[in-house]
Structures are given as structure tokens and as C-alpha cells.
Amino acid sequence: MCLAVPMRVVERDGFMARCEAKGIERAVSLFLLQHEDVGPGDHVMVHVGYAIQKMTAAEAQSAWALFDEILAADEEAHGGA
């Protein structure tokens with residue numbers, strides 16, 4: 001299964017950015033968003049190392065709330081295993 005996750009841009013250097021989500025930082029390519037104004041503090045949807053969409057902070061927060069809910073349900077169903 002492929003999954004894209006929302007991340008916050010911490011620093012930008014050309015077509016690359018250092019992005020953070022839930023305490024994890026990754027180098028992310030902004031090449032696919034080269035015509036978008038993306039900078040520190042912005043949120044992007046990241047898939048396999050590429051930012052594929054700019055999003056609002058509210059959209060990112062909503063997505064993480066859903067992911068947290070899914071993970072909690074899975075943990076409950078499988079007894080934390």
C-alpha cells in the first residue's frame with residue numbers, strides 16, 4: 001500500500017526541503033511543486049520523498065488526526081502486537 005503523509009517544511013534549498021512530521025525529519029524533493037510558492041512553515045503532502053501537493057496546516061492536522069485514529073484502532077484490534 002502506498003501512502004502520502006503531510007509534513008511541514010522546515011528549510012528550503014532550491015528544489016530540496018528539510019521537512020518534519022511527528023518529530024521525524026526527511027529530505028524532500030520539491031521538484032513536482034516547482035511552480036508553487038513553498039517555504040518554511042508551509043505544509044506539503046509527501047510521497048516516496050517527493051512533495052506532491054501543498055496543503056494548509058488545518059488539512060495536515062486533519063490528515064494526522066485520521067492516521068492517529070486508524071493506528072489506535074489497529075492497535076486495539078491487535079492487542080498492541
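Taking the conditions exactly as written (at pLDDT 95 or above and surrounded by fewer than 11 Cβ atoms within 10 Å (Cβ to Cβ)), does residue 58 satisfy them or not? Answer is yes for this residue. Once region 61-75 is narrowed to residues that are hydrophobic (A, V, I, L, M, F, W, C) and free of Cβ contacts under 8 Å to residues at least 60 places away in the same chain, the residue that is farthest from residue 7 (Cα to Cα) is 73.
Residues that are of a type in the set (D, E, K, R), out of contact with any Gly (no Cβ under 7 Å at 6 or more places or on another chain) and not in a strand (DSSP E or B) are absent from region 7-17.
The values are calculated or read from the model by the stated rules, or taken from the named source; none is laboratory data. From a predicted model like this one, the values you see are computed outputs, not experimental measurements. Note that we place each Cβ from the backbone using ideal geometry, even for glycine, and neighbour counts take in every protein chain shown.
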